[in-house]
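K.L.:
What follows is a structure written as C-alpha cells; I'll ask about it next.
Coordinate-derived values only; no laboratory data. All values reported here derive from a predicted model rather than from experimental measurement. A quick note on method: Cβ atoms are made from the backbone with ideal geometry, for glycine too, and the neighbour counts reach across all protein chains shown.
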Amino acid sequence: MKLPNWLVSLLGFLLVVAIPPFLVLTNVNVFMRPQFIYYEYGKSDFPPSSRYAPAARMKFAVETVRYTRGDLDDAALKNLGIYNERELSHMRDVQNLAVPALLLSYVLGAMILLATLILWRSGNLLLARRGLFNGAGTTLAIFGALGLFALVAFNSFFTAFHRVFFVGDSWQFAYTDSLIQFYPLPLWVDAVLGIVIFTVLEAIVLAAITFPRARRTAAQRAS
C-alpha cells in the first residue's frame, strides 16, 4: 500500500519520540515489582530496620509495591496499619503517577509495533529502521546523561526527581517512618541505576541492530 509522505514522516517521527519513554517505563515496570524487593532484602549488606522484624518488613514492603501498581486499593493500604496520614497521602500520589505510567508503557509499545508494521507493509521498512535507530540514539543521549548524573550526585538527582513529580516536601519523611524503614536509600540507588543501565543497554542493542540499515538509507538518499 502507498502512504502519503506526511504519514510516512509522522510514523518515523513517532518512532523516534516513543522509543525513549517506552524503554524507561518498561524498565520501571520491571523494577517496581515484589521480585526486586526480594532481591534487595536478600543482600547481605541491606540496611536493617530499627522498627520491623525481617519477615514483617518484607511483607509490608511487598504489599506497598503491589499498591503502587494498582493491585491494592486505598483501604487495603490503610488497613495494613503501618502508615501515618502523611505517608498514605504520598502513596496515593505515587499510585496516581505509577498506574498511568505503566499503562502508557503498553500503549507506547503498541504504537511502536503498529508504526513499524505499517511502514514495513507500505514498503518503508528502511525508514522504520532509521526511526528506531534515531529513537535508540535519543535514548542513549538522554539516559546516558541521567545515569551519569545519578551516579555522581544521586541525592541531587533523587531530590530533583521528586520535586518534578510531587508537590512541596510531601515526599520527605523521618528515618523512623515506615516508608524509609522499608525502602532505604541503597534500594533507591540500585533501582535508579538498574533502570538507567537496562535502558541504555537496550538502546545500544536496538541501535546496533538498526545501524547498518540506517546507514544504507542515508546513502540511498544522498545518491
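K.L.:
Specify the residue with the greatest mean-square fluctuation among 210, 176, 138, computed from a Gaussian network of the chain linking alpha-carbon atoms under 10 Å apart.
P.N.:
176
K.L.:
Checking the cross-link filter: which lysines have an alpha carbon closer than 23 Å to that of residue 43, excluding same-chain neighbours under 8 positions apart?
P.N.:
59
K.L.:
Same structure again: Considering Cα pairs under 8 angstrom that are at least six residues apart, work out the relative contact order of the stretch 1-109 and quote it in whole percent.
P.N.:
37
K.L.:
Follow-up. Hey, how many Å between the Cα centroid of the stretch 59-112 and the Cα centroid of the stretch 166-208?
P.N.:
Measuring centre to centre over Cα atoms gives 15 Å.
K.L.:
Hey, another quick one. Please state the relative contact order of the chain as a whole percent: Cα pairs under 8 Å, 6+ residues apart? The partial results should precede the final answer.
P.N.:
Details: 204 pairs, mean separation 78.3, N = 223.
That works out to 35 percent.
K.L.:
Rounded to the nearest 500 deg cm²/dmol, what is the calculated helix-only ellipticity per residue at 222 nm for the chain, with -39500 (n - 2.57) per DSSP H run of length n ≥ 4?
P.N.:
Values: 9 runs with 176 residues, N = 223.
Mean residue ellipticity at 222 nm (helix-derived): -27000 deg cm²/dmol.
K.L.:
Shifting gears a bit: List the DSSP H helices in the chain whose Cα atoms stretch 18 Å or more along the helix axis and whose mean Kyte-Doolittle hydropathy is at least 0.0. Walk me through the intermediate numbers first.
P.N.:
Working: long enough: 5-31 (40 Å, 1.85); 54-68 (21 Å, -0.15); 85-121 (54 Å, 0.81); 125-152 (40 Å, 1.45); 185-222 (51 Å, 1.13).
Once both thresholds are applied, what remains is 5-31, 85-121, 125-152, 185-222.
K.L.:
Using the Cα centre of the chain as the reference point, and only Cβ charges (+1 on K/R, -1 on D/E), how large is the resulting charge dipole? Debye, rounded to the nearest 20. The partial results should precede the final answer.
P.N.:
Numbers: 19 positive and 13 negative charges, 240 e Å.
In total the dipole reaches around 1160 debye.
K.L.:
Once every Cα of the chain carries one equal point scatterer and solvent is ignored, give the base-10 log of I(q)/I(0) from the Debye formula at q = 0.09, 0.12, 0.14, 0.18 Å⁻¹, two decimals.
P.N.:
-0.47, -0.74, -0.92, -1.29
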